[in-house]
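The values are calculated or read from the model by the stated rules, or taken from the named source; none is laboratory data. Quick caveat, the model's predicted, so the values are computed rather than measured. Positions of Cβ are generated from backbone atoms using ideal geometry, with glycine treated the same way; all protein chains shown enter the neighbour counts. SASA here: full protein model, heavy atoms, side chains in, ligands and nucleic acids out. Shrake-Rupley method; radii C 1.70, N 1.55, O 1.52, S 1.80 Å.
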Amino acid sequence: MEISAKYNPEGIEQRWYNEWMEQKLFSSIPDNRPSYTVVMPPPNVTGILHMGHMLNNTIQDILVRRSRMLGYNACWVPGTDHASIATENKVVQQLKEQGISKDDISRKEFLNHAFDWKNKYGNIILDQLKKLGCSCDWERTRFTMEPDLSDAVIDSFIDLHDKGFIYYGTRMINWDPVGKTALSDEEVNHEEQQAQLYYINYPLSEGNESIQIATTRPETIMGDTAICVHPTDDRYKHLIGKSCLVPLVNRPIPIIADDYIDIEFGTGALKVTPAHDFNDYEIGKRHKLASIDCFNDDGTLSEAAQIFIGEDRFKARKLVVSELDKLGSLIKTEQIVNKVGKSERTKAVVEPRLSAQWFMDMKKFMDEHPESLSDVMNDKIQFHPAKFKNTYRHWLENIKDWCISRQLWWGHRIPAWYTPEGTPIIARTAEEALQKSNNSEWTISDLKQDEDVLDTWFSSWLWPISVFDGFKSEGQKELDYYYPTSDLVTAPDIIFFWVARMVMAGHAFKKQIPFNNVYFTGIVRDKDRRKMSKSLGNSPDPIHLMEKFGTDGVRMGLMLSAPAGNDILFDEALCEQGRNFCNKLWNSFRLIKGLEISEVQDVFSKNHSSQVHQWMYHKLSKTIDRINAHFDEFRISDALMELYKLTRDDFSGWYLEMIKPTYGQPIYTKDLDQVIQMFDQILKLLHPFMPFITEELWHGLGNRNGEYINQQSWPTQKPIDAAIDQNVFNLVSEIRAKRNENGISPKVPAFISLNVNDNSIYETTEGIILKLANASISENQKECTLFKTLVGTDEVIISFEDFVKEIDTESNQKEIKRLQGFLFGIEKKLSNEKFMANAKPEIIANEQKKKEDTLRKIERLQNQS
């Protein structure tokens, strides 16, 4: 067959993926095999593939493909999330570009536009995941707002409400003025930024005294309803119980005392604005203060502010400061650093706001389902790495009620129907609500459904159950087979949003854990440790990377730098390394396929081929054991590195060099059979990591009769002795190193004499040493330079035919002196009890290796002198 000189993934990847899809290789239906189930963290319909998606889904694909080869009925369920806030913003923006305002159309019209947008753009990321090679059961693709999954969301809301976990109430919430919706605490990111601290004078209502406060938010002073001081603060004791005037609006407010106040911050006096600060709200409740909301939904000043009505809050801040300065009420300003909450989706600065919303009582839920925490802490659900258990525990032990309503149209509309009296009735339909009302005078038109939708995560937390229609009786058979799912791969930043809530939902609705293992990926950063983002311009386009380096090259490059739970320092050089490894595989394939065969065994094959094959099987056996152990501990990056070394160093670097015939000569047919069998096993081991090139090469090795590599069994290999001692390869490396150091051609014969305890190690492999290093074992060294060296603990003298090296004794002595100084520093460190007691074992081992290497270098130089 005609084999190109270099591996060209273009065309090969698409051809194989199309064939896998046509043959339905990724399809799963329940059968007698044990199941292995993974549900894809559903990307937003607004999303396009980024490096985080690529990492997460590559890991999932590796786990799923390997599980198929281990004999499991592997089911990987893909899907997308409707992403309420992000999608609604996209649609609103699109309508704006068309000259249409959301306020000017009906809810139904808006939803039609939203579904049109979703149908056009919502599957882009799934198509991109196919290019990545993801072996999902695409026929099972789900969407969180499809009818069956929507029914599951509504049913679960009704069930939790009936059990007393969901309630409607007025509380302080996080408000997104851009999205115009409430947010949960987990949807707010707190970022440090430079800010101004304004010192403002509040005159007392009577007399000439005043009290100063310090605030970063002067635009809210119109909502102040008290000034609060600490009851033990001697500066203000005489003012407690008196009143002062709010600047600009001249409204009298009381001066009160509360232990919450930090005497050291600012002036020790706090303006209390219950409508615009969580802590102020709590103070207001304790002291029965009024609450004045001086903002509109969009963050502009409301009529309650009395001044600057309609101005944006940040412009209003400047206007208020300017006015205070004119009145002489602004004492001074200070530059400080504080944390500001921002919407995770819109990036808008979040406003604390008193609002009537739907909540889930999470503390009550945890009281009834404590296993949501204990199952993780006792490793019934295992976290990889385990360090995230403490993060999980801290959140659940300090859990707050979940605000689950959102002031949006795109999403699952809350199944609450309000009567003419304003009482909500929880029901699936208006007809059902009317029946529940027990009022014969009302009609359906008298009931008004709640305008809000549920938090996106209220559907996502049901995902492992709902994708199998587990809330319907007809889905029970599939749920019994596939649930609990096996492994979840996700990012640690949604451990609260999603992971914890899925565990809770599993117990609430199925009384089971939702998965057995959670693998937390790290954050993909650039080589300068900066988080990848569009604004920094440091986030490469995954599609471009795959086109440039090939999908397998990118997958490999990404996984080589992806230890579980630790940040990934991504560099395109890693993809280049992956592409080079693909070429290494390709070249090995070309070598194997290019060999002529013979039925006659040559001398080397007769004497050594069994040793060579046995050594390679030994290496394969050891590597399989280590790979399996790594997978058991979810050290997937380490498993790939083992394979990388086996393939590059042992198979290509040593095995093929030993077994291939002299140039132009044929290979013994049974030796070639062994080589092909070995390469076959390596391709199977590599397949989960590099699906495309392994399929291509595996088919190239022989007629597969309509089978595919992912249908084959995961390789096993019984333990077997090495047959060739490692010192043989170390000796060959030493001889090659001496040639390189001294510019000696590989064609020049080398001679070695040994001072060892066991000559048989070398004598039984003399033909191998001759083939690899053009070196013979000889006690009679010629009149030429002798290179004395240690191979392990074996003393070896190497010489090359007719080669005499001029020794620079003076330079040698200088180098020996330098090395002795370096050795002194290492020995001093290793004799330091404090260092030995506190240093990590790998650091100590590294220092000991440096000592051994330095001693070896000194000995070599001394022997040359």
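Points to keep in mind about this one:
- Within the stretch 652-671, being of a type in the set (A, V, I, L, M, F, W, C), under 46 Å from the mean Cα position of the chain (by Cα) and open to solvent by less than 30 Å² (accessible area, probe 1.4 Å) holds for L656, M658, I659.
- Any hit, the stretch 272-295, residues being open to solvent by 20 Å² or more (accessible area, probe 1.4 Å), under 30 Å from V91 (Cβ atoms), not in a helix (DSSP H, G or I) and not β-branched (V, I, T): yes
- All of D649, D602 fail the test of being modelled with pLDDT under 95 and open to solvent by 10 Å² or more (accessible area, probe 1.4 Å), apart from D602.
- Note on the stretch 25-42: residues that are more than 19 Å from H53 (Cα to Cα) and either among the small types (G, A, S) or outside any strand (DSSP E or B) (or both) total 11.
- Exactly one residue out of I826, I816 is touching a residue at least 40 places away in the same chain (Cβ under 8 Å), surrounded by 12 or more Cβ atoms within 10 Å (Cβ to Cβ) and part of a helix (DSSP H, G or I), and it is I816.
- I798, sole failed condition from (1) more than 49 Å from the chain's Cα centre (by Cα); (2) open to solvent by 70 Å² or more (accessible area, probe 1.4 Å); (3) under 30 Å from S610 (Cα atoms): (2)
- Residues that are touching a residue at least 24 places away in the same chain (Cβ under 8 Å), assigned to a helix (DSSP H, G or I) and open to solvent by 50 Å² or more (accessible area, probe 1.4 Å) within the stretch 756-795 comprise just one, K771.
- Residues that are over 17 Å from I12 (Cβ atoms) and open to solvent by 40 Å² or more (accessible area, probe 1.4 Å), drawn from the stretch 551-579: P563, N566, D567, L569, D571, E572, A573, E576, Q577
- Condition check for D721: within 21 Å of I858 (Cβ to Cβ) and either in contact (Cβ under 8 Å) with a residue 60 or more places away in the chain or among the hydroxyl-bearing types (S, T, Y) (or both): no
- Subset tally (residues that are surrounded by fewer than 17 Cβ atoms within 10 Å (Cβ to Cβ) and either over 22 Å from the mean Cα position of the chain (by Cα) or in a loop (DSSP other than H, G, I, E, B) (or both)) for the stretch 524-535: 7
Residues checked against (1) of a type in the set (A, V, I, L, M); (2) crowded, with 24+ Cβ neighbours inside 10 Å; (3) under 30 Å from L686 (Cα atoms):
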{"site": "Q60", "(1), (2), (3)": "no, yes, yes"}
{"site": "L63", "(1), (2), (3)": "yes, no, yes"}
{"site": "Y72", "(1), (2), (3)": "no, no, yes"}
{"site": "C75", "(1), (2), (3)": "no, yes, yes"}
{"site": "I85", "(1), (2), (3)": "yes, yes, no"}
{"site": "V92", "(1), (2), (3)": "yes, no, no"}
{"site": "K96", "(1), (2), (3)": "no, no, no"}
{"site": "G99", "(1), (2), (3)": "no, no, no"}
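- Selection count where residues are under 14 Å from F604 (Cα atoms) and of a type in the set (D, E), scope the stretch 662-689: 1
- Members of the stretch 331-349 that are surrounded by 18 or more Cβ atoms within 10 Å (Cβ to Cβ) and farther than 21 Å from D277 by Cα: R345
- Qualifying residues in the stretch 235-268 (those that are part of a strand (DSSP E or B) and touching a Leu at 6+ places or on another chain (Cβ under 9 Å)) - the one surrounded by the fewest Cβ atoms within 10 Å (Cβ to Cβ): P252
- Residue within the stretch 312-322 that is modelled with pLDDT of 95 or more, open to solvent by 50 Å² or more (accessible area, probe 1.4 Å), touching a Ser or Thr at 6+ places or on another chain (Cβ under 6 Å) and not aliphatic (A, V, I, L, M) present: yes
One line per residue, one yes/no per condition, for (1) surrounded by 12 or more Cβ atoms within 10 Å (Cβ to Cβ); (2) among the β-branched types (V, I, T); (3) modelled with pLDDT under 90; (4) part of a helix (DSSP H, G or I):
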position	(1), (2), (3), (4)
I807	yes, yes, yes, no
S811	no, no, yes, yes
F822	yes, no, no, yes
K834	no, no, yes, yes
E847	yes, no, yes, yes
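- Here R626 passes the criteria (1) part of a helix (DSSP H, G or I); (2) modelled with pLDDT under 95; (3) of a type outside the set (G, A, S); (4) surrounded by fewer than 19 Cβ atoms within 10 Å (Cβ to Cβ) except the one numbered (2).
- Considered as a group, the residues in the stretch 297-321 that are within 20 Å of Q196 (Cα to Cα) and either aromatic (F, W, Y) or part of a strand (DSSP E or B) (or both) include one that is farthest from the chain's Cα centre (by Cα), and that residue is D312.
- The stretch 5-22: number of residues that are farther than 21 Å from I62 by Cβ and open to solvent by 50 Å² or more (accessible area, probe 1.4 Å): 7
- L324 part of a helix (DSSP H, G or I) and not charged (D, E, K, R): yes
- Taken over the stretch 699-742, the criterion of being open to solvent by 70 Å² or more (accessible area, probe 1.4 Å) and either assigned to a loop (DSSP other than H, G, I, E, B) or in contact with a Phe, Trp or Tyr (Cβ under 6 Å, 6 or more places away or on another chain) (or both) is satisfied by N703, N705, E707, S713, T716, K718, P719, D721.
- Scanning the stretch 347-376 for residues that are among the polar types (S, T, N, Q) and touching a strand residue (DSSP E or B) at 6+ places or on another chain (Cβ under 6 Å), we see that the one that is modelled with the highest pLDDT is Q357.
- Subset of the stretch 743-755 (residues that are touching a residue at least 12 places away in the same chain (Cβ under 8 Å) and assigned to a loop (DSSP other than H, G, I, E, B)): I744, P746, K747, V748, P749
- Scanning the stretch 424-443 for residues that are open to solvent by less than 70 Å² (accessible area, probe 1.4 Å) and more than 21 Å from R171 (Cα to Cα) turns up A427, T429, A430, E432, A433, L434, S437, N439, W442, T443.
- T854 in a helix (DSSP H, G or I), in contact with a Phe, Trp or Tyr (Cβ under 9 Å, 6 or more places away or on another chain) and either open to solvent by 90 Å² or more (accessible area, probe 1.4 Å) or at pLDDT 80 or above (or both): yes
- Scope the stretch 542-600; condition under 16 Å from S652 (Cα atoms) and β-branched (V, I, T); matching residues: I592
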